[in-house]
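See below for the structure under consideration.
Each value in this text was obtained by applying a stated rule to the coordinates, not by laboratory testing. Computed from a predicted model, the values in this text were never measured in an experiment. Here the Cβ positions follow ideal geometry from the backbone for every residue, glycine too, while neighbour counts run over all protein chains shown.
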Amino acid sequence: MSEKSAIVAIFDASDQSIASYHQLVKAVESAGAGAPQGRLYHVAYAKNGGYGVVDIWESAESLQKFVETLTTTSQQLGGKPVEPQIYPVVNVIKG
């Protein structure tokens, strides 16, 4: 991975339930996008009764392809899409 092109995408869904997160994950997997090309890491966490997600992507382009599926799937489930905050990766330390 080149840290110069990798990005961090932070999704704040603190106004949506953790149950809705699990439902969305299952629906995205059913749509064939459970392990999208270009996503390196995915972490979901509890936040204010809802949830948040931090993803690391190889590039903004790979994230954008996934967001199209994510948005459509979320709307089909009656949820509202969350616009990610995007930042460049400066460094990754494993372990």
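Some notes on this structure:
- With Cα atoms, 0 to 90° folded angle of helix 60-76 axis to the chain main axis: 0 degrees
- For Lys80, the aspartates and glutamates whose Cα falls under 12 Å of its own Cα, not counting residues fewer than eight places away in the same chain, are Asp12, Asp15.
- Label-point separation, Ala44 to Ala60 (7 Å along Cα→Cβ), nm: 2.7 nm
- Angle between the chain longest axis and helix 18-30 axis [Cα atoms, degrees, rounded to 10]: 70 degrees
- Rounded if a/c under 1.5, otherwise prolate or oblate - region 7-88, Cα gyration tensor axes: oblate
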